1. Using heavy-atom solvent-accessible surface (probe 1.4 Å) with all chains present, what is the largest-first order of MET199, MET169, MET1?
2. Report ³J(HN,Hα) in whole Hz for each residue of the range 33-48, in order, from the Karplus equation J = 6.51 cos²θ - 1.76 cosθ + 1.60 where θ = phi - 60°; Gly and Pro get x.
3. Using DSSP, restrict attention to beta bridges with both residues in the chain and report what percent are antiparallel, rounded to the nearest 5.
4. How high is the relative contact order of the chain, given as a whole-number percent (alpha carbon pairs under 8 Å, six or more residues apart)?
5. Quick one: which of 60-66, 273-279, 389-395 comes out on top by average Cβ neighbours within 10 Å, and what's the full order, highest first?
6. Amide H neighbours of HIS380 under 5 Å, at least 5 residues apart or on other chains, H built in the peptide plane: list them.
7. Could you let me know the centre-to-centre spacing of the range 328-384 and the range 406-421, using Cα atoms, in angstrom?
8. Once both labels are modelled 7 Å past Cα along the beta-carbon direction, what's the ARG237-ARG162 spacing in nm?
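The values are calculated or read from the model by the stated rules, or taken from the named source; none is laboratory data. As the structure is a prediction and not an experimental result, all values here were calculated from the model. When we count neighbours, we look across all protein chains shown, and the Cβ atoms used for this are built from the backbone with ideal geometry, even at glycine. All accessible areas refer to the heavy atoms of the entire protein, side chains included, with ligands and DNA or RNA removed. Shrake-Rupley method; radii C 1.70, N 1.55, O 1.52, S 1.80 Å.
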Amino acid sequence: MNIGIIGAGAAGLAAALDFAGQGHKVDVFESAPFLGGQASTFPVNGVPLERGYHHLFRSDAAIISLIEELGLGDRLRWINSNVGYYANGRLWPFTSPADLLRFRPLPFADRIRLGLFTLRLQRRKEWASLEGATAMEWLREHAGRNACETIFEPMLRGKFGRHHDQITMAWIWNKFALRTASRGDGLIGKFRERLAYPMGSFGEIFDVLADRIRSLGGDVRISSAVRQIIVEDGRVRGLEVSVEGGEPERRDYDQVLATVPSFILPRLVANLPDSYLAKLTDKVYLSAVLVILQLKRALSPHYWTYVGDRSLPFLGIIEHTNFIPAEHYGGAHLVYLTNYLERGDRFYEMSGEELYREYLPHLRKINPSFDESWVENYHHHKVDAAQPIVTRGYSASIPDHRAPVPGLYLANTTQIYPEDRGTNYSVRMGRRVAAMMMEDAHG
Ligand SMILES: Cc1cc2nc3c(=O)[nH]c(=O)nc-3n(C[C@H](O)[C@H](O)[C@H](O)COP(=O)(O)OP(=O)(O)OC[C@H]3O[C@@H](n4cnc5c(N)ncnc54)[C@H](O)[C@@H]3O)c2cc1C
């Protein structure tokens, strides 16, 4: 078979590996001038760093096994996570049950209640009945009003903006379940979340993956935007693609896999039936907007700080070099200041310089001795279609992987639910959909 894949992110490349491995001819086209999509990297002091902070959880079996398959298993470094929470004008350690007991922004009785609530939710296996409730309603009832107002509401507002009160409780449940799966064994281990980072960066995984696909006879091209999915006589026949920025040309394929965001698919293929189209166009995504500070000194003691105080203009502070040492980046301390925003939001529209200036005065709240002279450089990235909004009853609105045009398939982050988007789930989905496509062709 001849297969065309649109997008060289985790899903597209993982699928391509399996097609090439089974002896099929596969071409992957990526519109960006780099591989890796949302998990792509850029150089900092000559060392690749993700545009958006990335790590792996212990439960990320699909990508961990792919990394091992590529011979990169020894590049994974497992590290204890270290979480903080900013509330009431200061940083609170927020990693262990003892930290929760000392978390004064919540009255003591609510800390106990929240601890017990967390244990119950982490152990819960059934989630379908949570789908019909919004997280805000359910948390207010089960975790208590104070925990909801102090912790969950600011976090949901920060992550989902005006959609915060529409998010399904199944999404929150998944976050808790994931955290449990990422904890270690034994008495101490149970309270320690272990996270992994590939020391060559996620970029190295995609580079090695693309080389493996090429060595198996496949082709992977960057700067190659697909303009159209060609449908003739009621089935997919090929792609119109500007290979490496050239004039659009026709390539013939038996099957096409699109890994693009849902709203892009109808621009590439005309006349999709209304019922399928509705499941593509009703999806709302937020963009991740990141300012990455390159500092002479550490800003905070934590890897991951939730910002529960909405008077700060960012949702999270991810100090990557409290995870991977600054020496790895030529001594630079790297801090992501992150927001999830709608396109058109004031902060989305700002230039990197404007956003940096907007954020700067707030850094003293995190560390009172912070001074602008610590900043050696900063970087600005926007990652569109980064976070699909998952509302009540979401599972009924997920589009099928088999699009209603024979030979056309879709695999994107709106189809991962109840899991939240992540490289692991895109790898798993890419490989599953590749298997489905091969089965359909032979069946
Ligand atoms: C800020 C941030 C932090 C994250 N943190 C983590 C984390 O810690 N751990 C983790 O595992 N995951 C994390 N993720 C999520 C993870 O990066 C994504 O879920 C995953 O990379 C998605 O892969 P994908 O292949 O499904 O989609 P994408 O990466 O979006 O790939 C789709 C590709 O299609 C291309 N494309 C679109 N249109 C066309 C066209 N017409 N022609 C050709 N190509 C086209 C796009 O350019 C893109 O490269 C994070 C994401 C963000 C934004």
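1. Working: MET199 25, MET169 0, MET1 65 Å².
Ranking MET199, MET169, MET1 by accessible area, largest first, yields MET1, MET199, MET169.
2. Coupling constants for the range 33-48: x, 8, 8, x, x, 5, 9, 6, 10, 9, x, 10, 6, x, 10, x Hz.
3. Numbers: 56 of 75 bridges.
The antiparallel fraction comes to roughly 75 percent.
4. Values: 897 pairs, mean separation 109.4, N = 443.
Relative contact order, the chain: 25 percent.
5. Values: 60-66: 19.9, 273-279: 13.1, 389-395: 18.0.
The peptides rank, most packed first, as 60-66, 389-395, 273-279.
6. ILE292
7. The two parts, judged by their Cα centres, are 32 Å apart.
8. About 4.4 nm separates the two model spin labels.
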